[in-house]
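The values are calculated or read from the model by the stated rules, or taken from the named source; none is laboratory data. Quick caveat, the model's predicted, so the values are computed rather than measured. Cβ atoms come from the backbone with ideal geometry, glycine included; neighbour counts cover every protein chain shown. These accessible areas exclude ligands, DNA and RNA; they are computed on the full protein's heavy atoms, side chains included. Shrake-Rupley method; radii C 1.70, N 1.55, O 1.52, S 1.80 Å.
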Amino acid sequence: MSRYSVTIDGHEFDIEMEYRSDHMVATVNGRERLVRVHKLQETRALLVIDHLSHEVDIQATGDGGRKIVFMQGTEIPVAIEDYNLAQMRKAAGIGSEEEVDTVFVAPMPGLIVEIKVAPGDTVTAGQPLVVVEAMKMENILKAKGTATVKAVRIAAGQSVEKGEPLIEFE
Amino acid sequence: MIKPIKKILVANRGEIAVRVIRACHDLGIVSVAICSDCDRTAYHARLADEWYHIGGSPSSESYLNQDRVMQAVKDSGADAVHPGYGFLAENATFAQRCVDEGITFIGPRPETIRGLGDKLVAREMAIKANLPVVPGTDMGADNPDEALAFAKKIGFPVLVKAAAGGGGKGMRVVESADLFQEALDSASREAKSAFGDGRVFIEKYLVRPRHVEIQILCDTHGNHLHLCERECSIQRRHQKVIEEAPSPIMTDELRERMGTAAVSIAREAGYVGAGTVEFLVDQNRSFYFLEVNTRLQVEHPVTELVTGVDLVKEQVAVAEGRELTLRQEDIRLNGHAIECRIYAEDPSGGFMPSTGTLEHYRLPAGPGVRVDSGVLVWSEIPIYYDPMIAKLCTWGRDRTEAIARMQRALSEYRISGVESTVGFHQVVLANKKFIAGDLSTGFLQEEYPDSNYRTFSPELAEDAAIAAAVDKLLNERRITISQSGNGRSRSSGWVRHHRRENVKRLGGKH
């Protein structure tokens, strides 16, 4: 039996998965749901949960337990981890990895037009950091919270790939 | 004089190239596609009769490069060019070059494009044709102090707009004087980069206006008519994302007045072909001239759905020198149509473009559904161009039916591999104000100030959580199996599960 802790949009689900003869049983927060899986393609399956039909496609987003579940025409970001690990992590008072973000990465590929901060600057949430041109549009990338700039890793005129580090915070 | 067109080079890519190629096929005209490096196997390049590679992926080396496009026109022996929208569609120099080389440019005359394409000249023309305009000035980046003084006089918020602009590029709303200089600079810079012309001007920013535009169609014989309105108030970053026809606020009387106004500026400009006269309509149903778009608009399908007129075919007929067979009294509205623009963008991340491969792509269908898609499954969404991948339109007898069909069609749409605006549209189409037709250009900012468009039901969230758990469970089993077995397995959890199910059916045990 496997037990997972799944977080979606701030809601936590405690899910125990169990194989039965020709199906699985998912016990979600104490309630049993009957699950049948029919594979369609590599990352896609028809999932029948208590006879509710869902075509799902699950894509990893790059970092460990984060996935995007595509279902009913909606993209649902999901964080999943082993239930026991999640409990230990919480007991130790460690947040999930996203709270210790000190590197600001490019959310999309593009051309750096302007850098609005320098090392030593203290920025607050919403303050413009970098202007990136992508698909002929200027996008102003803003700080997500209060932080002090440690290093600027890019220069104006430079092309960046998605996920490339732009600015390091202390 | 009628000059029949035999072969059209479509100087564009994506869904609009596909749209024009389809019209060519309908008309029995040979179609020529041009493509850049990254578009060699793009849908438009596969669909056309002829294929010409014209250069590198950046649009400056291909779709925006007049020399390369003209070379393909000569090499293919095309006698006409359809520019679609964007790229060279509103470039008067290119249109003139076609004329000079004896090639039919499917669009207005070069001098019309030049005049109306300059928003300042267009404004003058509108005033001359007695159209109401929004208070504004032509003072811009070269005279920032006077511009600021004017902005203070008409009162913030003001709108900074590129004279050569379009599609929301080079446009900024400025809420207060301290933000004015930065907006002026960045709008000017963006305009320079996008259009090669950094001139900007300032307009009073109307509060909660609706964007309503009139489709016009004119021939070379002096016939000018309008094909009623489209409402395009749902915008993000001044770019339309949902359009519909007719407008929920329209009355016969207002339509008559706006239609007449649109036709008068078309006459004043000596307009030829299809075009759009854009207006803002305020809370009192007063309307103000905004600009004329001298091209086929992205949202033209909603007009086609409610009028039954094929606008691209009409454009070709006008370009051949034919007289319009339609008269104003023939234009009748039938039902209601809505368009949702499907972008490869992350709606919750400020509509940042999302690039990648469409690992799964399935289009909706069924009664009242039209999809103009520029991509196929496994298409790459390149970083070089506009991230719109398709336009999903629905038609219904009335607005309620069109909305219901749109909700159904959106739920059928399957896109994975890139983020898309399908989920965003589902949220907006379910919004009570949207359903009530209570729209304004500030709709999205007002209704979704934190850009959170991911409001799914708790039931859906729970089922998604189960899906993630099933996926993880199957993947963990895979690792166990592959470690004890014959090396690494590339098959996913789903595949392994499926195999196991088959083994069971054959009498195996697990």
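Structure notes:
- Lys, Arg +1 and Asp, Glu -1 on Cβ, resulting dipole of the stretch A:81-170 about Cα centre, debye, nearest 20: 160
- A probe of 1.4 angstrom, applied to the heavy atoms of all protein chains, finds residue A:133 with accessible area near 40 square angstrom.
- Apportionment of accessible area to carbon and sulfur, chain A, percent (1.4 Å): 50
- Rounded to the nearest whole Hz, the Karplus-based 3J(HN,Hα) values (6.51 cos²θ - 1.76 cosθ + 1.60, θ = phi - 60°) of the stretch B:211-221 follow the sequence 9, 10, 10, 10, 7, 10, 8, 9, 10, 7, 9, with x at glycine and proline.
- Within 10 Å of each Cβ in A:103-113, the average number of Cβ atoms from other chains: 3
- Cα lying deepest toward the dipole's positive end in the stretch B:135-204, options B:179, B:165, B:202, charges on Cβ: B:165
- Degrees between helix B:144-154 axis and first principal axis of chain B (Cα, 0 to 90, nearest 10): 90
- Local electrostatic count at residue B:317 - Lys and Arg +1, Asp and Glu -1, tallied over other residues with Cβ under 13 Å: -3
- Take the accessible area of chain A alone and of chain B alone, subtract that of the pair, and you get about 5600 Å² summed over both chains, using a 1.4 Å probe.
- Cα-based convex hull, the stretch B:179-300, per residue volume (Å³, whole number): 126
- Note on residue B:124 and residue B:459: with the Förster distance fixed at 60 Å, the Cβ-Cβ geometry gives a FRET efficiency of about 0.55.
- Of B:234, B:273, B:390, farthest towards positive along the dipole that unit charges on Lys, Arg, Asp, Glu beta carbons give the protein assembly as shown: B:390
- Cα pair distances of the stretch B:7-106 binned at 10 Å [whole percent]: 18, 57, 24, 0
- Convex hull volume of the protein assembly as shown per residue (C-alpha atoms, cubic angstrom): 178
- Compared with the dominant Cα axis of chain B, that is its longest principal axis, helix B:399-412 is turned about 40°.
- Note on residue B:152 and residue B:71: the extension gain reaches 24.1 nm, defined as 0.36 nm multiplied by sequence separation minus the Cα-Cα distance.
- For the stretch B:296-446, the dipole from Cβ point charges (+1 on Lys and Arg, -1 on Asp and Glu) about the Cα centre works out to 480 debye, to the nearest 20.
- Shown is the FRET efficiency for residue B:179 and residue B:268, computed with R0 = 35 Å from the Cβ-Cβ distance and rounded to the nearest 0.05: 0.45.
- When A:24, B:1 are compared by accessible surface with a 1.4 Å probe, the order from highest to lowest is B:1, A:24.
- Computed from the Cα positions only, the extents of the stretch A:101-169 along the three principal axes stand at 30, 19, 19 Å, in decreasing order.
- Per residue of the protein assembly as shown, the DSSP helices (runs of n ≥ 4 H) give a summed -39500 (n - 2.57) that works out to -9000 deg cm²/dmol at 222 nm.
- Highest average packing first - B:195-201, B:279-285, Cβ atoms within 10 Å: B:195-201, B:279-285
- Cα point-scatterer Debye curve for chain B, base-10 log of I(q)/I(0) at q = 0.05 Å⁻¹: -0.22
- Per residue accessible area of the stretch B:33-158, 1.4 Å probe, in Å²: 43
- Percent accessible area from carbon and sulfur atoms, chain B, protein chains only, probe 1.4 Å: 50
- Kirkwood Rh in Å, taken over chain A so that all alpha-carbon pairs contribute: 19.1
- Computed from the C-beta positions of residue A:1 and residue A:103, the FRET efficiency with R₀ = 51 Å rounds to 0.85.
- For the protein assembly as shown, a crude dipole built from +1 on the beta carbon of Lys and Arg and -1 on the beta carbon of Asp and Glu, taken about the Cα centre, is about 1500 debye to the nearest 20.
- Average beta carbon contacts from partner chains per residue of B:349-361, 10 Å cutoff: 4
- Per-residue mean of foreign Cβ neighbours for A:45-53 is 3 (Cβ atoms of other chains, 10 Å radius).
- Whole-number accessible area per residue in Å² for the stretch B:306-382, which is evaluated in the context of all protein chains at 1.4 Å: 37
- Spacing of the two label points (7 Å from each Cα toward its C-beta) at residue A:144 and residue B:330, in nm: 5.8
- Axis of helix B:14-27 versus longest Cα principal axis of chain B: the two differ by about 70°, to the nearest ten degrees.
- Residues listed by number, the stretch B:166-203, amide nitrogen under 16 Å from residue B:60 label point at 7 Å toward C-beta: B:189-198
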